[in-house]
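Following: one structure in structure tokens, then a few remarks.
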Amino acid sequence: MQRRLPLALAATAYAVAVLWATLGPAPWSTVGYELPNGILNPLAWTMSATWSTGYLSEIAFNVVMFIPVGVLASALLPRRRAWLPLLIGVAFTTCIELVQIPLTDRISDPRDLVANTVGAIVGVAAVALTRLVRKSRPLLVRAEGIADGHPAPTASASADAAADAAHAPTGRELASAGSDRSPRRAA
């Protein structure tokens with residue numbers, strides 16, 4: 001638990017920062033239009049204006065803002081529950097968008113919900129990929145034959161050694177052949 005405490009504190013601090021950025025007083029004027037009931041309104045999801053207007057930079061910011069949410073949730077939670085960090089990311093952004101509905105200086109927008117979810121997915125995927133690479137690294141080291149600084153025998157080297165052992169003369173054969181002759185190998 002002590003190893004995870006700094007990570008839990010970082011996750012809490014980041015969650016507070018995200019909540020402040022998304023729900024706190026906006027230092028800028030909010031531009032856009034929110035349908036009544038925001039993301040709860042089916043028209044908000046089906047109107048072409050929802051998906052064709054807005055700034056690409058805003059969408060990118062929403063994706064980037066939620067990557068750490070996925071990373072921190074994945075790092076804190078057990079690996080065997082890989083779906084849980086995704087659920088946390090989706091639940092977190094959904095709660096934010098729902099709380100924004102009554103706020104006059106915020107807009108509850110399906111694009112934000114989708115972009116935030118994509119960010120959380122990217123964060124979870126980054127942790128999963130990192131874990132996969134770290135897990136497979138010892139296998140790669142052994143496969144490359146550099147474990148412990150000694151080359152691992154290759155399949156052909158092992159086969160050659162086995163063939164040499166099968167054709168090596170026995171002590172009796174060497175004694176009967178005499179010491180002045182070298183042992184003969186079968187081809």
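Quick look at the numbers
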quantity	calculated
Residue check for Thr53: surrounded by 14 or more Cβ atoms within 10 Å (Cβ to Cβ) and farther than 17 Å from Ile121 by Cα	no
Test: residue in segment 83-98 that is at pLDDT below 90, charged (D, E, K, R) and in the same structural domain as Ala11 (by TED's automatic domain parsing)	no
Selected residue (criterion: modelled with the lowest pLDDT) from residues of segment 2-29 that are outside any helix (DSSP H, G or I) and within 19 Å of Cys95 (Cβ to Cβ)	Ala26
The one condition in (1) within 18 Å of Ile39 (Cβ to Cβ); (2) at pLDDT 95 or above that Val122 fails to fulfil	(1)
Options Asn41, Asn37: the member that is among the polar types (S, T, N, Q) and free of Cβ contacts under 8 Å to residues at least 24 places away in the same chain	Asn41
Test result for Asn116, in contact with a Ser or Thr (Cβ under 7 Å, 6 or more places away or on another chain), at pLDDT 90 or above and not hydrophobic (A, V, I, L, M, F, W, C)	yes
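The values are calculated or read from the model by the stated rules, or taken from the named source; none is laboratory data. No experiment lies behind these values; they were computed from the predicted model shown. Virtual Cβ from ideal backbone geometry, glycine too; neighbours counted across all protein chains shown.
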